[in-house]
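All remarks here apply to the structure that follows.
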Amino acid sequence: MSEIASREFIDNLVSLLKMPALNLEVKNNILRMTQNWNFAFEAKPMLAYVGQVYKTLLSEGAFLRPFWHKSWTLRPTQVSSFHQRTLQSQMLSW
């Protein structure tokens, strides 16, 4: 988990997101995973960088609406599987 939440790894993903020619499916997968990691790591202060980046992406309009929220009864993996079919319609072409 600490490798995923590292500045180096997350910053590289954000750099990929900002590439104009990035494949939409790749972009959506990066955004979905960033959101899932944010919720999974939010109770772990040592992994807080993911949450900071997630909030920045939200403020920049990268997400149309959340795939999952902690108040929902489904776990992120269940929702993510469901949303794989509708992923493109859920994300802004950012």
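What follows draws every value from the coordinates through simple rules; no lab data is involved. Note that the structure is a prediction, hence the values are computed from the model and not measured. Every residue, glycine among them, receives a Cβ derived from its backbone with ideal geometry; neighbour counts consider all protein chains shown.
So the values come out like this:
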item: Pair residue 23, residue 2: separation of 7 Å Cα→Cβ label points (nm); result: 3.3
item: Relative packing of 15-28, 46-59, which averages over residues the other C-beta atoms within 10 Å, highest first; result: 46-59, 15-28
